């Protein structure tokens, strides 16, 4: 079928490839002319036959909000917009309403798989009405991995459910990464263990902990066995923060996910103000030696 | 080759099956006559041609210690004992020494895979000398999963390294389980999400979080979608506790693994003394309402 | 000086007492006629000479919002409203704006001390303009504890700073309570320790951990040595949740405060869905015994 | 009464002062001749009338073990040794046994108060027999703070109970320090708050969070408002590690104390191997930008 695709970055570019390989006619728009098929969102709307379907794959937050507002201006009643970016699910209601005023339908789609999705397919978690989901199903069927449709695709619920589910997916992902990373640090710290990389390689088959992330860590350690070429500085994309915030709203205790999030915050601090305060306090009552700035490397 | 196998419980029984299917001649001993091939450890030693190889697959701690002490009595110089149970790695040195005094070699082997190992193979992490490992390799090759030997098997280091690596494996496993479980609780708490099971099913393919444990949780939720037939009471086998203890020794921060361990402790308390103290304290300074025993269900 | 006081609950009632004892003329309003000095907010406004000062001490959220909206209707330009409740600091800007449109000033005041404030004084953290704070200072001076004004009172910053500071105060309080409670549980769990209450009593003097909360726990344990008459069920007033949310916004890692918050959530669950999922998962791969509903309690 | 005091470091030196001021005759021994009253342990034993009482105040571990072994050689049946250092309580049984073989009694004493104990008195938690405790009571009465004996002193139980209680005290102390430090970091991170020091000063009176540690942090912030002259590098004395280890043995969940301990470990790492692994992993699946060593400051 025909699809407009807004945003041809790391994810959108690959998705266009996969969709075209699956027999769909994709018209992509991106502000960078060298990758864009049309010069503007208006041109995109013109190039698509009504009723149109447009997939938005741009950074979450302001850029997504602007894109959807602009689409509300160039699309028509009966069209369908899918937000496949990492929007916070709390934005979905507003977007559905804004578009709904023009008679335009809305689906929120969480997309997992990163750069590997092009070849392996993308895990999809979508929210919207049964009717809208059915209409977009040919697109979802091409994007999702081969195999049983129930594996790799879920219609999670009404508008918002797709992004909520994707947010939880990323929260879980944070905690999984921390779990493997803590294991790595322990193996690397113990002299008995000759080669943590070999252990991570061995864990890829037959063990209880085997997983795709586990394989990736084995691969990363093969490329850089002591992780000598990388710092621990780690950004977060927002979904980890939102997961903990939503957990608080829902009164769900998430010590594992929260620990992972805080570890990322900490990784970006030169020196922890919390620990400076602990050191200062310790010095007050115990006369414990503290490391003065001048002494530290 | 020929192998003595001591302990024919859930794990040992299946391993005997897999080894026999792989062409080895296995003589199993277990105190339960209905599954045992010989009536005693002495009979086991007699039935095996020297130099013997005996795999011990019994509960860690006292039972393993006794078994190895008895084997030291019935085996001879040149024989080899492999402890495949979940012994704490700190026991391995003593066992190696005890057996070494008789000229008997020792390998510690961490075995992962649970009840699925029979058909899929067991992930193996072993510690010992190159010579001893080479000698037992035909056994390891049958037990490990099919595929590249580096996937599913690792000679982690000298005696102790196998069990240390398996201990870390289990610590990581604790944190992975908690990560998936926290995600489940969030999905179950949010009304937008129609069916957490369908989400877990969809995550099995194409997503970043896909894993063997993730598939198992999808399966568990299929069998009991609301987990209505199970309580949260969760034992621990010892390896989670040891992992945190060793992390402390190594000065490795493991907030994720520790959170998982503490959650298990908490799951076994009728009411948390810590939270009773918090409630009592809160009552003291704020006149906050507390739940008296008589009011609580 | 003359002050209107809206809300004569646990806190407001005592504050009226303390202010009157300090020589101020306080006119209190409360919907319960038996404690109220005037029948309505309008009557309160009439009874006070302009420019008026009105302290709001009602539950945070909807009740505070309504009260301030009504005050905006009955007060006049030049009057001053102080919100002394536990409002989230993010509300303060809106309240200041709403009142500001009528020329009414606004101060946000965090008040600590609970039921003990009547006799010992209240710790005060206020936000607003220098001018407004100066004007209300006689009231603050009576409410705060005796002693150096810098101990027990702080003008933390512009509007919002008072409630932000009080929110952090309560977040810290959560973590302090958890710290003492964890210590109690350990002492109670160890057979060597004859009487945890005696330990907590002894800690009240000379130790590094002595504090007001520590004294209160000693007192609570004296009244109920085994905490036999209390359950661990513990509510939260909102400020713990807000503290973690604001920490996330500020990218400040707060593992201690978050652990305390999550423990409260957990204390209110009959059975943890997270741990049910862990138990279910464990059962899948290991054939571990799980506690079926029928077996438990 | 007469007392031998072994170890005249930061703690022992002050304790000798306080005991002498209290009318006791103290003979101190220290390897540093400039502070020692006698040249050797043997000389100390000779200088004291039988039955002797000797207080050991030396670093825990090897030094304490050696000192007690030497005392077993120079003391006689009927004498009494008190270990007032920060020994792990698991050592106490062995020391009691070693000394008991010679008829020498043993008390373990946890001593809190740091450098302030000289003037304010030391919080004492002791373990031993009723008879031995009664015999040493004049010493305890001088060391403890003035006031009710039940505040500042506890006979916690048999040998071992004193050090166990002190260990828990220090574990609680870790978590308290983290609580205050997290609060400081939040106040320092929020622009609305003009001066975190002023807030910590104000919290010293009337608030729920007031405590001795809280006062010390206010003092530390007064001396160095931005903690500009201190790094977050923070050692640990052992008792925090032991507390978490014992909590694991007792199956007591201690998320607050453990978080504090792990934060100290982390403060001593140049770059976290865990976070390097997370960053490496993230790079694998997402093509996320990671900070290469060459880019980082």
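Remarks
- Folded to 0 to 90 degrees: helix A:255-267 orientation relative to chain A principal axis, Cα: 80 degrees
- Residue with peak Gaussian network fluctuation, chain B [Cα springs, cutoff 10 Å], from B:52, B:210, B:18: B:210
- The separation of segment C:36-92 from segment B:174-250, counted between C-alpha centres, amounts to 49 Å.
- If you model the protein assembly as shown as an ellipsoid using its alpha carbon gyration tensor, with each semi-axis the square root of five times an eigenvalue, the axes come out at 50, 50, 24 Å, biggest first.
- Prolate/oblate/rounded label for segment C:1-60 (Cα gyration tensor, a/c 1.5): oblate
- Peptide D:145-152 has a mean shielding of 5, counted as Cβ atoms of other protein chains within 10 Å of each residue's Cβ.
- Using bins of 10 Å that start at zero, the share of Cα-Cα pairs per bin across segment C:153-197 amounts to 24, 28, 20, 16, 10, 1, in whole %.
- What the Cα convex hull of segment A:167-268 gives, in volume per residue, is 114 Å³.
- For segment A:167-268, relative contact order (Cα pairs under 8 Å, six or more residues apart, normalised by length) works out to 37 percent.
- Relative contact order (percent, whole number), segment A:2-157, Cα cutoff 8 Å, 6+ residue spacing: 19 percent
- Cα-based convex hull volume of segment A:2-157 per residue, rounded to whole Å³: 99 Å³
- Structure-based [θ]222 nm, the protein assembly as shown - -39500 (n - 2.57) summed over DSSP H runs of at least 4, per residue, nearest 500: -15500 deg cm²/dmol
- Structure remark: mean-square fluctuation, Gaussian network model of chain C, C-alpha springs under 10 Å; the largest value among C:163, C:95, C:24 belongs to C:24.
- One quarter of the surface of the convex hull around the alpha-carbon atoms of segment B:60-120 equals 4.5 nm², the direction-averaged projected area.
- Stokes-Einstein diffusion for chain C, with the hydrodynamic radius set to the Kirkwood value over Cα pairs and evaluated at 10 °C in a medium of 1.306 mPa s, equals 73 µm²/s.
- Cα-based helix-to-principal-axis angle, D:212-223 vs chain D, degrees rounded to 10: 60 degrees
- Choice from A:161, A:263, A:189 showing the highest fluctuation, given a GNM over chain A with Cα pairs closer than 10 Å: A:189
- When the alpha-carbon atoms of segment A:34-83 are used, the pair Rg, Dmax equals 10.7, 31 angstrom.
- With 10 Å bins from 0: P(r) over segment D:77-192, alpha-carbon pairs, percent: 14, 38, 26, 12, 6, 3, 0
- For chain B, averaging the sequence separation of C-alpha pairs within contact (under 8 Å, six or more residues apart) and dividing by the residue count gives a relative contact order of 12 percent.
Values quoted throughout were computed directly from the atomic coordinates according to the rules given, and no laboratory measurement underlies them. These numbers were taken from a predicted model, which means no experiment stands behind them. As a convention, Cβ positions derive from the backbone with ideal geometry for all residues, glycine included, and neighbour counts pool all protein chains shown.
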